[in-house]
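Taking it in order: structure first as structure tokens, then the write-up.
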Amino acid sequence: MKKTSTDKAPGAIGPYSQAVVTDKLVFTSGQIPINPATGNVEAETIEEQTKQVCENLKAVLEASGSSLEKAVKTTCFLADINDFAAFNGVYGEYFTEKPARSCVAVKDLPKGVKCEVEVIAEI
């Protein structure tokens, strides 16, 4: 088992790794829309936040020897289920291979963001 770290995605803000790689799979931690260059949440709309989340996941997966195209399962968390359609529109631009997915609304997310996504992908 190997831990992944890249400065092209936000660093872990707790006792966890950006991703963990096994022989054939990479498991990412949930990514929120933090801009890795500034360490801040700058995106405001659900569309902008979803794009930043997907860019962060793309960077973590690439640093782990994988890619968005190799995603087999995602888990998506929304602060407001009414954002589902807008979230889905941006998500679909990134996850073109249509991995299995769960998407749920939650009470709160870190830093008051609108979405968080985690991925399991093949190496």
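The values are calculated or read from the model by the stated rules, or taken from the named source; none is laboratory data. Keep in mind that what you see is a predicted model, and the values were worked out from it rather than measured. No Cβ is skipped: glycine too gets one built from the backbone with ideal geometry, and neighbour counts run over all protein chains shown. Accessible surface areas use protein heavy atoms only, side chains included; no ligands, DNA or RNA. Shrake-Rupley method; radii C 1.70, N 1.55, O 1.52, S 1.80 Å.
Between the Cα long axis of helix 84-94 and the first principal axis of the chain there is an angle of about 30°, rounded to the nearest 10. Roughly to the nearest percent, how much of the accessible area of the stretch 26-123 is carbon and sulfur, given a 1.4 Å probe? That share works out to 47 percent. The helix-based estimate of mean residue ellipticity at 222 nm for the chain, built from -39,500 (n - 2.57) per DSSP H run of four or more residues and divided by its residue count, is -7500 deg cm²/dmol to the nearest 500. Kirkwood analysis of the Cα pair distances in the stretch 67-123 returns a hydrodynamic radius of 11.7 Å.
Note on the chain: GNM, Cα springs under 10 Å; of Lys107, Lys58, Lys98, the largest mean-square fluctuation is that of Lys107.
Ordering Glu62, Glu55, Glu44 by accessible surface, largest first, gives Glu44, Glu62, Glu55; the 1.4 Å probe counts only protein heavy atoms, with every chain in place. Summary value for the stretch 7-123: 36 percent relative contact order, contacts being C-alpha pairs under 8 angstrom separated by 6+ residues. At a probe radius of 1.4 angstrom, the accessible area of the stretch 47-123 per residue rounds to 49 square angstrom. Applying the criteria of a DSSP loop state and at most 12 other Cβ atoms within 10 Å to the chymotrypsin sites (Phe, Trp or Tyr not before Pro) of the stretch 1-98 yields Tyr16. Using a 1.4 Å probe and ignoring any ligands, DNA or RNA, find the accessible area of Lys111 and quote it in Å² to the nearest 10. Roll a 1.4 Å probe over it and Lys111 shows about 130 Å². PRE reach from Leu25 (point 7 Å along Cα→Cβ): which of the stretch 61-78 fall under 12 Å by backbone N? Correct set: 72-74. Using a 4.7 Å Cβ-Cβ cutoff, the cysteines of the chain lacking any partner cysteine are Cys54, Cys115. Taking 18 Å as the cut-off, the amide N atoms of the stretch 13-27 that come nearer than this to a point 7 Å along the Cα-to-beta-carbon line of Thr75 belong to 13-22, 25-27.
In order along the stretch 5-21, the Karplus-derived 3J(HN,Hα) couplings, from 6.51 cos²θ - 1.76 cosθ + 1.60 at θ = phi - 60°, round to 8, 9, 7, 7, 9, x, x, 4, 9, x, x, 8, 9, 4, 7, 10, 10 Hz, and Gly and Pro are given as x. The heavy atoms of Asp23 offer some 150 square angstrom of accessible surface to a 1.4 angstrom probe. Exceeding 24 Å between C-alpha atoms, which entries from my cross-link table qualify? They are Lys24/Lys107; Lys51/Lys98; Lys3/Lys107; Lys70/Lys111. From the list (Lys24/Lys107; Lys51/Lys98; Lys3/Lys107; Lys70/Lys111), the Cα-Cα distance tops 24 Å for Lys24/Lys107; Lys3/Lys107; Lys70/Lys111. The HN-Hα couplings worked out from phi for the stretch 32-43 by the Karplus form 6.51 cos²θ - 1.76 cosθ + 1.60 (θ = phi - 60°) are 10, x, 8, 6, x, 6, 10, x, 10, 8, 9, 5 Hz, whole numbers, x standing for Gly and Pro.
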